[in-house]
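Q: Next up is a structure, given as C-alpha cells.
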Amino acid sequence: MIKQRNIALCIVFSIITFGIYALYWFVCLTNDANQESGQTDATSGGVALLLTIVTCNIYGWFWAYKMGEKIDAIKTKNGQSAGNSSILFLLLQLCGLGIVSYAIMQDTINKNA
C-alpha cells in the first residue's frame, strides 16, 4: 500500500532535520515509484541512496532521470498525459533544486495512489 505524504510537511521536516528527512523521503519516493509503475525489479530506494552517496551525487542525476520515466509511466498507466518529466527532474537536480523534484514526484504519487 502506497502511503500518501503531506508535501509541505516533508519539506519542513527536511529543513528542520538539515536534510536527514530528505534522505528518508528519497528512499520512500524510489520504492513507491517502483511499486506504482510496476517496475518492482528496479533499484530499491536504499541501494539508490547508497549509490548516490558513494558516487558523490553522480548517481543522483541518473536517479532523477529514471524517476522521471517512472513518473511518466505512472501517469500513462492512470490515463493522464505524460510529458517528459525525466528532463525536468534532471535539470532541477543539476541546479540544486532536488527538493522541488521530490515534491513533484510525491504529488504524482499521491494523486495516483
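No lab work stands behind these numbers, since they all come straight from the coordinates. What you see is a predicted model; the values in this text were computed from it and never measured. Neighbour counts are summed over all protein chains in view; Cβ atoms, including those assigned to glycine, are modelled from backbone coordinates with ideal geometry.
Q: With the chain treated as a Gaussian network of Cα nodes joined by springs under 10 Å, which of Y102, Y24, Y65 yields the largest mean-square fluctuation?
A: Ranking Y102, Y24, Y65 by mean-square fluctuation puts Y24 first.
Q: Another question about this same structure. When Lys and Arg each count +1 and Asp and Glu each count -1, what net charge do the other residues less than 15 Å away from D41, Cβ to Cβ, add up to?
A: 0
Q: Classify region 4-54 as rounded, prolate or oblate from the Cα gyration tensor: take a ≥ b ≥ c as the square roots of its eigenvalues, call it rounded if a/c is under 1.5, otherwise prolate when a/b beats b/c and oblate if not.
A: Because a/c hits 1.5 or more and a/b fails to exceed b/c, region 4-54 counts as oblate.
Q: Below 8 Å, C-alpha to C-alpha, sequence gap of six or more: please give me the relative contact order for region 15-104 in percent.
A: Once divided by the residue count of region 15-104, the mean separation gives 24 percent.
Q: Could you sort the peptides 86-92, 104-110 by per-residue average Cβ neighbour count (10 Å cutoff), highest mean leading?
A: Descending mean neighbour count gives 104-110, 86-92.
Q: Oh, and also: Which one of S81, L9, S37 is farthest out on the positive end of the charge dipole of the chain, using unit charges on Cβ (Lys, Arg +1; Asp, Glu -1) and the Cα centre as origin?
A: L9
Q: Taking the Cβ-Cβ separation of F18 and T76 as r and a Förster radius of 30 Å, what is the calculated FRET efficiency to the nearest 0.05?
A: In this case the efficiency is close to 0.25.
Q: Name the residue, out of S85, S14, S101, whose mean-square fluctuation peaks in a Gaussian network model built on the chain with Cα pairs under 10 Å.
A: S14
Q: Separate question: Counting only complete DSSP H runs, which helices of the chain cover 15 Å or more along their long axis at the Cα atoms and score a mean Kyte-Doolittle of -0.5 or above?
A: In the chain, the long hydrophobic H runs are 20-37, 58-77, 98-112.
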